[in-house]
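Coordinate-derived values only; no laboratory data. These figures come from a predicted structure and were not determined experimentally. All Cβ positions, even for glycine, are placed from backbone atoms using ideal geometry, and neighbour counts span all protein chains on display.
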Amino acid sequence: MKRIVLYTSRNCPHCQTAKQYFDSKKIAYRLCDVGSPRGKKEHAALGARGVPVIKIGDQILHGFSLKAVEKALKS
């Protein structure tokens with residue numbers, strides 16, 4: 001399976017939805033809080049401005065879209 005990284009912030013409702021999706025499907029992911037120094041650095045390196053950002057393999061998704069996530073997981 002592809003490596004998944006979920007970039008989030010603490011009070012983001014869309015981030016919570018993304019976490020709940022991966023947890024409900026028992027899909028392993030690494031959670032990266034963009035409020036931490038490491039998270040800020042990684043998030044900035046992606047050129048991202050908002051959260052959630054989901055990295056699935058080499059694909060980067062900005063925001064949480066169920067269709068986009070499922071498509072990225074299948075490809």
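A few points about this structure:
- Qualifying positions in the range 2-13 - surrounded by fewer than 15 Cβ atoms within 10 Å (Cβ to Cβ), in contact (Cβ under 8 Å) with a residue 12 or more places away in the chain and closer than 14 Å to residue 33 by Cα: 10
- Yes/no for residue 27 being surrounded by 14 or more Cβ atoms within 10 Å (Cβ to Cβ) and in a loop (DSSP other than H, G, I, E, B): yes
Condition check ((1) touching a helix residue (DSSP H, G or I) at 6+ places or on another chain (Cβ under 9 Å); (2) part of a loop (DSSP other than H, G, I, E, B); (3) free of Cβ contacts under 8 Å to residues at least 24 places away in the same chain) across all residues:
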| position | (1), (2), (3) |
| --- | --- |
| 19 | no, no, yes |
| 22 | yes, no, yes |
| 40 | no, no, yes |
| 54 | yes, no, no |
